[in-house]
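What follows is a set of notes on a single structure, which appears directly below.
The values are calculated or read from the model by the stated rules, or taken from the named source; none is laboratory data. Keep in mind that what you see is a predicted model, and the values were worked out from it rather than measured. Here the Cβ positions follow ideal geometry from the backbone for every residue, glycine too, while neighbour counts run over all protein chains shown.
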Amino acid sequence: MNKNDLVAAVSDQTGLSKADATKAVDAIFDVPNGILAAALKGGDEVRLVGFGNFVVAERAASEGRNPRTGEKIDIPASKQPKFKAGKGLKDAVN
C-alpha cells in the first residue's frame, strides 16, 4: 500500500473527500512537519493502544570499518525512530 492507496482507504472508510483525506494523512505522516515526526523530534512517544508505539532510540557512537579499504571510521551517536507493534496489530496479522 502506498500513500495514494492509504488516502483512498481513509476516504472510503470515513466518507471524507479525497482532498480532506489527503490533508488528514499528511497532517499525521508528513516529514518533517507532520504530527508524528514533530512528536518524536520533541522527545515524546506516540502510543496508539492496540496498534503500537513509536519511540526514539539513542544509538551510541561506535567505530566501523570501510569495507572497501578496511580503514577505521567513527560513526557518530544518533537517534533512530523505532516502532513496536501492539497486541491488537500482532493478533490481526497472525
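Observations, loosely collected:
- One residue from Leu16, Leu40 being of a type outside the set (Lys, Arg), surrounded by 10 or more Cβ atoms within 10 Å (Cβ to Cβ), touching a residue at least 24 places away in the same chain (Cβ under 8 Å) and not in a strand (DSSP E or B): Leu40
- Yes/no for Glu58 being touching a strand residue (DSSP E or B) at 6+ places or on another chain (Cβ under 8 Å) and either under 25 Å from Ala38 (Cβ atoms) or assigned to a helix (DSSP H, G or I) (or both): yes
- Residues located in segment 36-86, provided they are at positive phi and modelled with pLDDT under 95: Gly43, Gly50, Gly70
- In the set Ile28, Ile73, only one residue is out of contact with any helix residue (DSSP H, G or I) (no Cβ under 8 Å at 6 or more places or on another chain) and free of Cβ contacts under 8 Å to residues at least 12 places away in the same chain; that residue is Ile73.
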